1. Collect the residues in the range 88-114 that are over 13 Å from ASN3 (Cβ atoms), outside any loop (DSSP other than H, G, I, E, B) and in contact with a helix residue (DSSP H, G or I) (Cβ under 6 Å, 6 or more places away or on another chain), keeping them in residue-number order.
2. Can we say ILE75 is of a type in the set (Val, Ile, Thr) and out of contact with any helix residue (DSSP H, G or I) (no Cβ under 9 Å at 6 or more places or on another chain)?
3. Answer yes or no as to whether ASN125 is on the phi > 0 side of the Ramachandran plot and not aliphatic (A, V, I, L, M).
4. Report yes if some residue within the range 52-61 is in a helix (DSSP H, G or I), out of contact with any Pro (no Cβ under 9 Å at 6 or more places or on another chain), without any contact (Cβ under 8 Å) to a residue 12 or more places away in the chain and of a type in the set (S, T, N, Q); otherwise report no.
5. Being surrounded by 16 or more Cβ atoms within 10 Å (Cβ to Cβ), at pLDDT 95 or above, touching a helix residue (DSSP H, G or I) at 6+ places or on another chain (Cβ under 8 Å) and not in a helix (DSSP H, G or I) is the requirement here; does ALA5 meet it?
Amino acid sequence: MFNIALYQPDIPQNTAAIIRLCSCFDATLEMIKPYGFLLSDKRIKRIAMDYLNIARIVEYESYEIFLKSKKNSRIILMTTKAKKNYNNFKFNPNDTILLGRESNGVPKTVHNNSYQRLKIPLKKNVRSLNVSMVAAITLSEAIKQNSL
């Protein structure tokens with residue numbers, strides 16, 4: 001199944017919503033340290049609720065360790081800086097959908113190491129969607145394409 005990866009997340013409520021999303025759709029959540037919070041944060045528990053107990057969460061101490069673990073899968077970076085739309089891309093079940101920090105995205109090296117960079121098209125004069133919404137929209141499209 002699909003993996004959702006968070007690059008150094010810094011808002012616990014968004015991470016909690018993604019934990020719940022991954023639990024409901026049998027996706028693995030991969031989290032790249034450092035985080036801007038502790039996984040034991042009460043804001044995580046409040047939103048993730050009992051889904052935290054059934055979630056598959058893999059933690060990586062660094063981006064380099066995460067990258068080494070992805071030798072046999074494609075990293076699909078969701079970014080507002082992409083030119084290609086997410087719905088014009090064919091997802092594979094072993095893809096990893098990577099989302100950046102809420103506060104400042106990902107560094108250039110992460111962009112360069114991604115198999116593909118995709119965006120969700122938005123109307124003009126708006127910045128971006130919430131990272132948990134991006135995870136839900138993208139995962140939904142990937143599942144739909146693969147009839148899972």
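1. If the condition is that a residue be over 13 Å from ASN3 (Cβ atoms), outside any loop (DSSP other than H, G, I, E, B) and in contact with a helix residue (DSSP H, G or I) (Cβ under 6 Å, 6 or more places away or on another chain), then no residue fits.
2. no
3. Judged against the criteria, ASN125 is a match.
4. Yes, that holds for at least one residue.
5. yes
Rundown of residues vs (1) loosely packed, with under 15 Cβ neighbours inside 10 Å; (2) over 15 Å from CYS22 (Cβ atoms); (3) of a type in the set (D, E, K, R); (4) modelled with pLDDT under 95, yes/no style:
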residue: LEU77; (1), (2), (3), (4): no, yes, no, no
residue: LYS90; (1), (2), (3), (4): yes, yes, yes, no
residue: VAL110; (1), (2), (3), (4): no, yes, no, no
residue: SER114; (1), (2), (3), (4): no, yes, no, no
residue: LYS124; (1), (2), (3), (4): yes, yes, yes, yes
residue: ARG127; (1), (2), (3), (4): yes, yes, yes, yes
residue: ALA142; (1), (2), (3), (4): no, no, no, no
residue: GLN145; (1), (2), (3), (4): yes, yes, no, no
residue: LEU148; (1), (2), (3), (4): yes, no, no, yes
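The values are calculated or read from the model by the stated rules, or taken from the named source; none is laboratory data. Fair warning: this is a prediction, and the values are worked out from it, not measured in the lab. Quick reminder, even Gly has a Cβ in these numbers, built from the backbone with ideal geometry, and neighbours come from all protein chains shown.
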